[in-house]
Amino acid sequence: MGGRTRRGAAILLAAVTACAPLNQLGGRLGLDPGPLRLADPVDSSTRAKLLVLDRDPAVCRAWLKGEGVAVSSVADRTEGEFCSLQGAVRLGADLGGARLRFSPAAPVTRCGVAAALAVWRRRVVDPAAQEILRAGVSGVDHFGSYACRRVNNAAAGRVSGHARAAALDVAGFRLSDGRRITVVGDWAGNDAEARFLRRVRDESCRVFSQVLSPDYNAVHHDHLHLELGGYGLCR
Ligand SMILES: [Zn+2]
């Protein structure tokens, strides 16, 4: 499906999910995507449902609780002209029955991003590791989420998704057998580690709105930028 078609479908699904009468109409038309559940595979409605959750921190938090995803609250704050944390959460290690240790620290993100990370861990990262590397994923190394800055640290221009904690920069993974995989060291080539990282990049695009890897530009040579909301890019 092309980007425009996918975006159109996402907008339609977001509208269908957000509005009860439309939801009933969508159900009659066979469009009702049903509620988001961690137990379900990622499909064409997953990202739209996450975007709907992201709009309402209270609904989002109730969803996390219902799915057993452990988070703690973070105080709202605004900083400078364009930076804010609103309804953000600190993600614990229990992502709904599946543990994942974030290093160097538990990330603080928008609630919808925490929900997206729980889906991503269960439905993207772990299956890819099991299939390609024959191991589970026990940890994620990251460069952080909230950062009050513009895209690529520029002095002017578009505000980064990091300025509202809508993105996480993933530097690598720790496997249950002790192996470590890094974007900077393992992206190139065609061995199992490289294939795992590229599969994670590709499938992350079905969960997040914007996924940037070393294939995008040199700024991303050492991490995957995973963002919910913002420009739709997958590269
Ligand atoms: Zn980033």
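Of the residues making up segment 102-123, one or more are within 13 Å of the ligand (Cβ to nearest atom) and either of a type in the set (A, V, I, L, M) or more than 18 Å from Arg47 (Cβ to Cβ) (or both).
Which residues, taken from segment 78-92, are more than 22 Å from the chain's Cα centre (by Cα) and farther than 19 Å from Ala154 by Cβ? Steps first, answer last, please.
Of segment 78-92, the ones more than 22 Å from the chain's Cα centre (by Cα) are 78-81.
Hit for segment 78-92 is Thr78, nothing else.
Return yes when Arg180 is under 29 Å from Val74 (Cβ atoms) and surrounded by fewer than 14 Cβ atoms within 10 Å (Cβ to Cβ) and no when it is not. Spelling it out, Arg180 is indeed under 29 Å from Val74 (Cβ atoms) and surrounded by fewer than 14 Cβ atoms within 10 Å (Cβ to Cβ). Might you check whether a residue that is at pLDDT below 95, touching an Asp or Glu at 6+ places or on another chain (Cβ under 7 Å) and over 27 Å from Gly34 (Cβ atoms) occurs anywhere in segment 96-105? Scanning segment 96-105, I find no residue that is at pLDDT below 95, touching an Asp or Glu at 6+ places or on another chain (Cβ under 7 Å) and over 27 Å from Gly34 (Cβ atoms), so the answer is no. If you filter segment 85-99 down to residues that are in contact (Cβ under 8 Å) with a residue 60 or more places away in the chain and touching a strand residue (DSSP E or B) at 6+ places or on another chain (Cβ under 6 Å), you find that the one that is nearest to Gly66 (Cα to Cα) is Ala88.
The values are calculated or read from the model by the stated rules, or taken from the named source; none is laboratory data. It should be emphasised that the depicted structure is a prediction, and the values quoted were computed from it without experimental measurement. Don't worry about glycine lacking a Cβ; one is built from the backbone with ideal geometry, like all the others, and counts go over all protein chains shown.
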